[in-house]
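Structure record follows, encoded as structure tokens.
The values are calculated or read from the model by the stated rules, or taken from the named source; none is laboratory data. Keep in mind the model is a prediction, meaning the values are calculated, not measured. Here Cβ is always computed from backbone atoms with ideal geometry, including for glycine, and neighbour counts include all displayed protein chains. Ligands, DNA and RNA are stripped out before the accessible areas are found, and what is left, the full protein with its side chains, is counted by its heavy atoms. Shrake-Rupley method; radii C 1.70, N 1.55, O 1.52, S 1.80 Å.
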Amino acid sequence: MEGARNKLAQKATETGLRRQGIDILEDERFQLLARGTGRTFETGAEAAFLSMLQDGDPAETAGLAMAGQALSSGALTIGKGTVELPFHVLGSGKMSTFGKASVGLAISGALMTSLFQFFQQNPDQAAETAYDKLTAGALLALTLGLPGKRPKDDGLLKNFPAVADGFLTVPRTAMINAAQAMAEDPVVADVTQAVAENPEAFGRSRVQKFWKWMQDGTYAEKIRELYESDSKFSDLVNTPSTLRGAAIYDEGGTGSVARSILERLRDRVSVKDYGAVCDGVTDDTAAVQKAINTRFLRDGGGDILVEGRCLIDGTLDVLQNVTLVGGNSYLDFTDRDWWGQTRSTLIVNSSATIQLRNGAGLKGLVLYRKGMVFPATGLTAAEVALYEGTAITVLSASPYIGYCAILGFERAIDTGTNNTPRGRVEFVNIDCTNGIRVDQDLGAWNFQFVQCAPLLSNSDADNVRSGVGFEFRNRSDWTTLVGCFAFNEIGYSIVACNQIKMFGCGADSPTDGTDTYHTGVGFRFRGASTDCMLVGCQTASHLYGVDIDIADADRVYLTDLHSWNIHSTNGIHVRIIGGDVSILGGRFAEGNKGVVIDNPNSNVTLAGGTHFFDVTNALDSIDYSSLVISPDIIIEGATTAHANEKLTEIASAATITIPNNEKMFQITGTTDVGLISPGSVVLAGTIVTLIFESALTLNHGNTLLDGSADLAVTAGSSVTLQYITGNTWREIGRNIA
């Protein structure tokens, strides 16, 4: 081909192009173009040309883009009933007069369109200079970018002068004038683009006329006249480009829209279209990033198919509204050696990460750390200790991660402190030291059926994952988790967050029938966290099932919580060392203690048939402000029902106030009681019992005592009253010691 290259260079030079042809041909960027076109032609030549020269001269880049657009859209189609491109025909050594005119018209129209667009974007660029650069880029792109198989004979060389003459013989002034006419007259612009897209659709005679008009400089004037006088011609111009003589795809259903086969194929964009090898060995970072950039810049986002196993050695930036999509559905194998053989896999270097921008996503993918092994017998604890890196880093709002598996990292998903609200994560399986962390976020994340579990190991000792499954920090509020599961040292950690809602979530840890692995916490709440709730959740095999140390007056709600198999001597199902807690229903089985309260400011309520089964101590109220226990709780098989049991004390006075919703109080002191106030907590019908530590008189006043007389009580006596309204109580029982 050396001779062909020299002749091509000579021809390019003879036509007045401003750069020497041989220099252009030997330029590294054009060498890349030549090698890459055959690989990218069918599914994105235009994007390939643009990306290969993204740092080049804007006019040359526009020329390449024009040529790429002409190639990839099928604009140069010739030969009735075929979809072959002109260089295939050139390779045969034959070209009809109509073929030459058709090719020339298509290229000229594309060049005019490109000039028109370039002038709009670069108004300060000299028209003649822009024309020369565009022409150089277009000619070389069309020549070097041979789609499909290359000619076996010398047909290209023989016919190249005709192709070159096809648009280079149009006077430069005429071409520039036509491009300027397109800018001034939308009809000329529409016609030019329509004819350039598919000249054959307009017929042999018209094509030859158009070609003549371009050569003699009357193109714009004649086109306008024809458009206004010939309704069939104007109708054809206004027909969607996909239907002008192209191979057509039509779904056929009601409301379906016919499109070209090529346009239909472009719906499916693959990383392989941009050079990804996907063999698990070659670094595909640049190719995948190129696919992402093009999808974002050209289409404003969309799906990109990940085929095969792509090695990602550098950080990947998934731009706004772009989603990398794999061919996997829900991923969960018990055959551990299969993980390394799955399709649609990103193998991520631990020093890199996958960054997600606003609305970006990952779906149907396996992500695992570079260098991982997948023995059928499972990973050992030593191999698990090698987990490192962060698989996914969220940089902006509304990311989506679904139907993925994330394996072998120190952390699966992290937001940093980037304020990334409204993320969605669903049907994701994670085997990492830590699962997901959301920090300093406006909140409203949604997690559905996300599991942090030891997918890759197979024994209690090897199944230990020392980190946190789900972590929410620093006002990452209004987040909802449904059906999630964590097999970590700490299952769920909520620090300084409000309205974290968990429904049907579970936390577990290894167990061998002893207390060896009964460490950590199932659900942990810390800091200023209020209105967080667990509904229908369960925890097992930890030191603490639920551990609560939140700010005073903040409250956590535990509804139908089930906790079992905690540490036999030190374990606590619910430990409250700060804040208020409401416990409704649920079951606490086995282990040392059920509920422990150890804060003088905590207010705790147990109701709804809460069941304590086979625990050493059902309740241990070391210290508290208020403990309201409904009579419907069930204690079964406990050694001690209530350790450190005590009554809330009220100092005797002329007027005493009921401080909380408890049902029994100790009255201390000897001052006679004249008035009992319900305070702000007692409702009509509430029954309370007062036990008197010392002798005093209870005034008949508002207590409606039996006999309508004051009552002198002795130490150890008790009176049971029912609140009516307006500070009025009715005696319903007494026991005078």
Checklist entry - Hey, what's region 621-737 come to in accessible area per residue, 1.4 Å probe, Å²? => result 48 Å²
Item to check | Nearest-10 value in Å² for the accessible area of ARG437, using the 1.4 Å probe | outcome: 60 Å²
Checklist entry - Just the accessible area for GLU662, please: 1.4 Å probe, Å², rounded to the nearest 10? => result 10 Å²
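Could you order TYR219, TYR227 so the one with the most accessible surface comes first? Probe is 1.4 Å. List each step's numbers first, then the result.
Working: TYR219 10, TYR227 55 Å².
I get TYR227, TYR219, largest accessible area first.
Report the local net charge at THR282: Lys and Arg +1, Asp and Glu -1, summed over other residues whose C-beta lies under 13 Å from its C-beta.
Working: positive: LYS272, ARG309, LYS370; negative: ASP279, ASP283, ASP284, ASP313.
Its environment carries a net charge of -1.
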Item to check | Size of charge dipole - region 405-491 - debye, nearest 20, with Cβ of Lys, Arg +1 and Asp, Glu -1, no other charges | outcome: 280 debye
Item to check | Per residue, in Å², the accessible surface of region 375-508 once ligands and nucleic acids are set aside, probe 1.4 Å | outcome: 31 Å²
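Pop out the carbon and sulfur fraction of the accessible area of region 512-580 as a percent, whole number, probe 1.4 Å.
Working: 1120 of 2260 Å².
Exposed carbon and sulfur together represent 49 percent of the surface.
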